[in-house]
Amino acid sequence: MGYPIYIAKRLSFSESAGNNSYILRFAVSGIALAIVVMMLSIAIVNGFRTQIISTIYSIDNHVKVTTIADYNTGEHAAVSYSYIENCIGNYDNITSIVPIIEKYSILKTDSDFQGIKLRGYNYSNNEFLLKNYLVEGRTPISSDSTLYEIVISETIKNKLGLNLNQKVSAYFIDDKVRMRNFNVVGIYNTNFEDFDNFIVFGNIDVLRQLNGWNDDECSYIGINMAETDDIREDSYMIYSQIYEKIISDGVSNGYSIENLYDNNMAYFAWLDLLDSNILLILTLMAFVVGFTIVAAMLVIVFDRVRTIGVLKSLGASNSNIRFVFVYLTQFLVLRGIIIGNLLGLILAWIQYEFHIIKLDPASYYMQWVPIKINFTDILILDVAVIAFAFITLIIASSIISRIKISTTIRYE
């Protein structure tokens, strides 16, 4: 196998190879460009997936437990926090069980108004889910003197012309209209338009007073998991534990279990669409790599027909001659991969650090193209390209076996 490697090196690196040097450079450039496109495509999709899933995990609990809505009115009865905690408190994967109350309201200033859903937490016991998305101010504090503090989105702030530490009136309409004044202590921004237009965070005790509920009652129980790999399975197990307890206690209440995947299907469907797009891009780039390699090899073969004829006349087998082009392809692919990896990592780092390419948050849920480099993905990509190139060359190099010695010796 010594002379096939030597000949391949001469064809690949010789400056006296004539037109072949330009063809080889073109092949290396094509492979490098394809690697850059594939690497950045994977990094961008990973960035979108990581950012969107992280945001969803922040704006929604992993699993929710509510009562089954009344058939006639469509309303949900209050959930007993202590009873649900007793049902599922021994489930290993649970990190927190949070009582939450939600109530529709209208925020009104002197010049405008906005329909919202006020989501109440107990901030003395539970961390604010959106702490990483606060752009101004702080989270509410649970105490009698700060009971009427709220956190609004940047979208609501701009629409109503509100600022930090400014008062805003909230109207709650049930059987009668009740008004409460709240103090804006924080501004958040998730870039999820449907969420930012609607959700305001406040203290759960205010909503308990408005509903006339005791300290054990809430709209739903929010449950968060330590491991999030199989939330659907976790929600099923929680459902099973609750109903086993209900049956054993002879309780007539019915409960509904929801998980964040089912509640945010539009976002996950959008991510699945991105995965389909990345598959299309990788397929197209694989064709680019294959076409570039085959085109370069065929040009070199026809340019070196006499060399092939001489090697055959000296007793070289078709297999050994084909190995010349196999090694040549490995040289080209490896050089293209190294250059492509370097360029791809540099471009990815620039976008990650400086956010050069901007996005419309209304369409893409973030302000710039996200990047997440996974070196395992890069390694898999490189190995896959090498394997694909090797298989492509083995198939294409079969043309060498059809070249006859008598033809090659007379070839000009």
Q) Which one of these does D205 not meet: (1) out of contact with any strand residue (DSSP E or B) (no Cβ under 7 Å at 6 or more places or on another chain); (2) farther than 17 Å from Y123 by Cα; (3) of a type in the set (D, E)? A) (2)
(Q) under 36 Å from the mean Cα position of the chain (by Cα) and either open to solvent by 30 Å² or more (accessible area, probe 1.4 Å) or aliphatic (A, V, I, L, M) (or both): which single residue out of N181, N197, N211 fits that description? (A) N197
Q) Hey, V383 hits all of (1) within 30 Å of Y188 (Cβ to Cβ); (2) free of Cβ contacts under 8 Å to residues at least 12 places away in the same chain but one; which does it fall short on? A) (1)
Q. Scanning region 323-348 for residues that are at pLDDT below 80 and either aromatic (F, W, Y) or open to solvent by 60 Å² or more (accessible area, probe 1.4 Å) (or both), which turns out farthest from S41 (Cα to Cα)?
A. F323
(Q) It is to be established whether one or more residues within region 147-154 are in contact with a Leu (Cβ under 7 Å, 6 or more places away or on another chain) and closer than 22 Å to I59 by Cα. (A) yes
Q: Go over the candidates N86, N72, N125, N90 one by one and state the one that is open to solvent by 80 Å² or more (accessible area, probe 1.4 Å), over 27 Å from the mean Cα position of the chain (by Cα) and at pLDDT 90 or above.
A: N86
Q: Could you list all residues from region 155-173 that are of a type in the set (V, I, T) and surrounded by 15 or more Cβ atoms within 10 Å (Cβ to Cβ)?
A: T155, I156, V168
Q. Does region 245-284 hold any residues that are more than 29 Å from S219 (Cα to Cα) and open to solvent by 40 Å² or more (accessible area, probe 1.4 Å), and which are they?
A. W270, D272, L273, D275, S276, N277, L279, L280, I281, L282, T283, L284
**Q.** Given (1) at pLDDT 90 or above; (2) closer than 30 Å to T376 by Cβ; (3) open to solvent by less than 20 Å² (accessible area, probe 1.4 Å), number of the condition V28 does not satisfy
**A.** (1)
Q) Which of (1) open to solvent by less than 20 Å² (accessible area, probe 1.4 Å); (2) closer than 26 Å to F48 by Cβ does H355 not meet, given it meets every other one? A) (1)
Q.
I need the helices (runs of 4 or more DSSP H) fully contained in region 156-259, keeping only those with at least 3 residues that are in contact with a helix residue (DSSP H, G or I) (Cβ under 6 Å, 6 or more places away or on another chain).
A. 193-196, 231-249
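The values are calculated or read from the model by the stated rules, or taken from the named source; none is laboratory data. Note that this is a predicted model, so its numbers are computed, not measured. When we count neighbours, we look across all protein chains shown, and the Cβ atoms used for this are built from the backbone with ideal geometry, even at glycine. Remember, those area values only see protein heavy atoms, side chains included, never the ligands or the DNA or RNA. Shrake-Rupley method; radii C 1.70, N 1.55, O 1.52, S 1.80 Å.
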